[in-house]
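Visitor: Handing you a structure now.
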Amino acid sequence: KIDRQSEVFFAVDEGYTNPAVVLKIRKTSDASYHVEEEWYERGKLHGQIVEAALEMANQQGGSVIVDRSAAALRAEFRNAGFEVKSSQGRVLDGINTVLTLLTEKGIGGIPRLTVDPSCVNTINEFESYIWKEGKDEPVKEYDHAMDALRYGITSKPEPRKAQQSRW
């Protein structure tokens, strides 16, 4: 059952030699997240990454969060009609936020972060994520979907609440 108060957005990790990733994420009214769909491809140009997101969005654009170091890709998304936000925060803080969402229970006792079984690359990366020996830093391999997920979850702004007039 889809939460009527939910919002869909896209989280993107740039890549060419490494996979580029687009995740379609639904954020529910209780601040839980569900990864509904993934696009995970090597050797794709910026225009192809944007086109993949447009297909996932039914050609309607939407809100997208992109790695803050990918200025040209953010510009491509803007030109395609997306509302674009740069990723925010430190890597370790984002990893801790994802871990918290995986372990906390939301409505119905379901974890606050879930992934559709069709998102096999995202699931595989959860299982293959590794840390540098003796450091609080992940190895930069098999982490492209994890980076996109972290960008999306830590950078998605809370909806603005209506301000009550003083008059």
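The values are calculated or read from the model by the stated rules, or taken from the named source; none is laboratory data. Keep in mind the model is a prediction, meaning the values are calculated, not measured. All Cβ positions, even for glycine, are placed from backbone atoms using ideal geometry, and neighbour counts span all protein chains on display. To get the accessible areas, we keep the full protein, side chains included, count just its heavy atoms, and leave off ligands, DNA and RNA. Shrake-Rupley method; radii C 1.70, N 1.55, O 1.52, S 1.80 Å.
Visitor: What do you reckon, is Glu104 surrounded by 12 or more Cβ atoms within 10 Å (Cβ to Cβ), at pLDDT below 95 and more than 17 Å from His144 (Cα to Cα)?
Guide: Working: surrounded by 12 or more Cβ atoms within 10 Å (Cβ to Cβ): yes; at pLDDT below 95: yes; more than 17 Å from His144 (Cα to Cα): yes.
It is true that Glu104 is surrounded by 12 or more Cβ atoms within 10 Å (Cβ to Cβ), at pLDDT below 95 and more than 17 Å from His144 (Cα to Cα).
Visitor: Quick test for you: out of Leu73, Leu23, pick the one residue that is over 23 Å from Pro111 (Cβ atoms) and modelled with pLDDT of 95 or more.
Guide: Only one candidate qualifies: Leu73.
Visitor: Could you list, in sequence order, the residues of segment 42-51 that are surrounded by fewer than 20 Cβ atoms within 10 Å (Cβ to Cβ) and in contact with a strand residue (DSSP E or B) (Cβ under 6 Å, 6 or more places away or on another chain)?
Guide: Correct list: Lys44 only.
Visitor: A further question on this structure: If you scan segment 52-74, which residues turn out to be on the phi < 0 side of the Ramachandran plot and open to solvent by 80 Å² or more (accessible area, probe 1.4 Å)? Walk me through how you get there before you give the answer.
Guide: We begin by selecting, within segment 52-74, every residue on the phi < 0 side of the Ramachandran plot; these are 52-57, 60, 63-74.
Matches in segment 52-74: Glu55, Gln60, Arg68, Ser69.
Visitor: Scanning segment 20-33 for residues that are of a type outside the set (Ser, Thr, Tyr) and surrounded by fewer than 20 Cβ atoms within 10 Å (Cβ to Cβ), which turns out farthest from Cys119 (Cα to Cα)?
Guide: Within segment 20-33, the subset of a type outside the set (Ser, Thr, Tyr) is 20-27, 30-31.
Checking the rest, the ones that are also surrounded by fewer than 20 Cβ atoms within 10 Å (Cβ to Cβ) come to 26, 30-31.
Numbers: Arg26: 14, Asp30: 23, Ala31: 21 Å.
That would be Asp30.
Visitor: Collect the residues in segment 75-89 that are open to solvent by 10 Å² or more (accessible area, probe 1.4 Å), under 19 Å from Ala145 (Cβ atoms) and either touching a strand residue (DSSP E or B) at 6+ places or on another chain (Cβ under 8 Å) or not polar (S, T, N, Q) (or both), keeping them in residue-number order.
Guide: Residues satisfying the conditions are Lys85, Ser86, Gly89.
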